[in-house]
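Here's the structure we're looking at; comments come further down.
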Amino acid sequence: MQSDPLNDAMCVIKNASVNGKAECIIAPSSKLIGRVLKVMQDYGYINQFEFVEDGKAGKFRVQLKGAINNCGVIKPRYSVKVADIETYEARYLPAQDFGVLIFTTTDGVVAQDKAKELGIGGKLLAYVY
């Protein structure tokens, strides 16, 4: 039994990237994992991903770029106001303007710069750099 599928997905991506793999398989899939992968793709950390139906929960096949130094989930999922985003950037990212914090907001799963642009806070999900 998995207690946190998003954490397992980020660990699979990190381990495959560290080992120099070209692709990895994330199972089981979920909408949240798909949205986090979309943010990672938008920011150039992965090439592409596709959903593969396997008769159960499905899985994602992710094409890696080799651009990930580290990624992971943030537990507990802190509620963050717009004014406090920079505090969490300093805590979880190694340098300013390096890496991405991923939030779930009322407008969906977005990165920290999009959340600042929209002027909304949300729950902190993950980081990638």
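The values are calculated or read from the model by the stated rules, or taken from the named source; none is laboratory data. Keep in mind the model is a prediction, meaning the values are calculated, not measured. Glycine gets a Cβ as well: all are built from the backbone with ideal geometry, and neighbour counts include every protein chain shown. Note: areas computed on protein heavy atoms with side chains; ligands, DNA, RNA excluded. Shrake-Rupley method; radii C 1.70, N 1.55, O 1.52, S 1.80 Å.
Counting only other residues whose beta carbon sits under 14 Å from that of D113, what net charge do I get with K and R as +1, D and E as -1?
Cβ neighbours under 14 Å give a net charge of -4.
Hey, how many Å between the Cα centroid of segment 43-66 and the Cα centroid of segment 1-26?
Centre-to-centre distance over Cα atoms comes out at 11 Å.
For a quick check, take a GNM of the chain with Cα springs below 10 Å and name the residue from G20, G119, G55 with the largest mean-square fluctuation.
In the Gaussian network model the winner is G55.
Quick one: how many Å² of Y92 are accessible to a 1.4 Å probe, rounded to 10?
Taking all protein chains as shown, Y92 has close to 50 Å².
Run the numbers for K56 and Q96: contour at 0.36 nm per residue of separation, minus the present Cα-Cα distance, in nm.
Going from the current span to full extension adds 10.3 nm.
For segment 5-51, with all protein chains present and a 1.4 Å probe, just round the carbon and sulfur fraction of the accessible area to a whole percent.
Answer for segment 5-51 is 49 percent, counting heavy atoms of protein chains only.
Select from segment 2-78 those GluC sites (Glu not before Pro) which occupy a DSSP coil region and have at most 10 other Cβ atoms within 10 Å, ordered by residue number.
In loop regions of segment 2-78 (DSSP not H, G, I, E or B), the sparsely surrounded GluC sites (Glu not before Pro) are E53.
Given a cut-off of under 8 Å on Cα pairs at least six residues apart, what relative contact order in percent is computed for the chain?
The normalised contact order for the chain reaches 24 percent.
Around V100, under 15 Å between beta carbons, what's the net of Lys plus Arg minus Asp minus Glu among the other residues?
It works out to a net charge of +1.
With a Cα-only, solvent-free Debye model of the chain, what are the log10 I(q)/I(0) values at q = 0.12 Å⁻¹?
-0.43
Enumerate by residue number the trypsin sites (Lys or Arg not before Pro) in segment 34-98 meeting two conditions: DSSP loop (anything except H, G, I, E, B), and at most 10 other Cβ atoms within 10 Å of the site's Cβ.
Passing both the DSSP loop test and the Cβ count: K56, K81.
Counting only heavy atoms of the protein chains, get the accessible area per residue of segment 1-79 (1.4 Å probe) and round it to a whole Å² value.
57 Å²
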